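Enquirer: Sharing a structure here in structure tokens format.
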Amino acid sequence: MPYYFLEACPVDDVPEGGKRRVQIEDYTVAIYNVGGVLYASGDPCPHERVSLADGGTLNGEVITCGAHRWDFNVRTGECYEDKGFCLKTHPVGRKDGVIYVGFWTDEEE
Ligand code: FES
């Protein structure tokens, strides 16, 4: 399925071990930096729609939601508490100090 990339934010805005909530056109995403590798998911949390990036805690590949402490893998999207609440993940690219997030052509957020 084809996808396209949209500019998200400067790479420096998401330091190693960090996360950031970014509005990209109609989409709100969380970008994570895990050991220098960037990942992106939909934000808010799929459980009760609290921001993962603003209230969560990132520990390696796992973001723990600040509301009810559910854990999600930011690389795979897996939700460890309930498989029915997985995160939507997005491809991430970087070029010339800028992060780009990929969206599929039939994307709905
Ligand atoms: S809102 Fe995130 S775990 Fe409940």
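Enquirer: Mind counting the residues in the range 54-79 that are in contact with a helix residue (DSSP H, G or I) (Cβ under 8 Å, 6 or more places away or on another chain) and either small (Gly, Ala, Ser) or within 9 Å of the ligand (Cβ to nearest atom) (or both)?
Expert: Total satisfying the criteria: 6.
Enquirer: Would you check if there is a residue in the range 36-46 being modelled with pLDDT under 95, away from the ligand (no atom under 16 Å from the Cβ), surrounded by fewer than 17 Cβ atoms within 10 Å (Cβ to Cβ) and not in a loop (DSSP other than H, G, I, E, B)?
Expert: No, the range 36-46 contains no residue that is modelled with pLDDT under 95, away from the ligand (no atom under 16 Å from the Cβ), surrounded by fewer than 17 Cβ atoms within 10 Å (Cβ to Cβ) and not in a loop (DSSP other than H, G, I, E, B).
Enquirer: Mind listing whichever residues of the range 52-72 are of a type in the set (Gly, Ala, Ser), out of contact with any Cys (no Cβ under 9 Å at 6 or more places or on another chain) and either at pLDDT below 95 or buried (at least 17 other Cβ atoms within 10 Å of the Cβ) (or both)? If you could, list the steps in order and put the result at the bottom.
Expert: Just the residues of the range 52-72 that are of a type in the set (Gly, Ala, Ser), to begin with: 53, 55-56, 60, 66-67.
Filter once more, so that each one left must be out of contact with any Cys (no Cβ under 9 Å at 6 or more places or on another chain): 53, 60.
Once the filter is applied, which keeps residues that are of a type in the set (Gly, Ala, Ser), out of contact with any Cys (no Cβ under 9 Å at 6 or more places or on another chain) and either at pLDDT below 95 or buried (at least 17 other Cβ atoms within 10 Å of the Cβ) (or both), the range 52-72 yields only 53.
Enquirer: So, one more: Looking at this structure, is residue 12 among the acidic types (Asp, Glu), within 16 Å of the ligand (Cβ to nearest atom) and at pLDDT 95 or above?
Expert: When the stated conditions are applied, residue 12 does not pass them.
The values are calculated or read from the model by the stated rules, or taken from the named source; none is laboratory data. Worth saying up front: this structure is predicted, and the values here are computed from it rather than measured. So basically every Cβ, Gly included, is an ideal-geometry build from the backbone, and we count neighbours across all protein chains shown.
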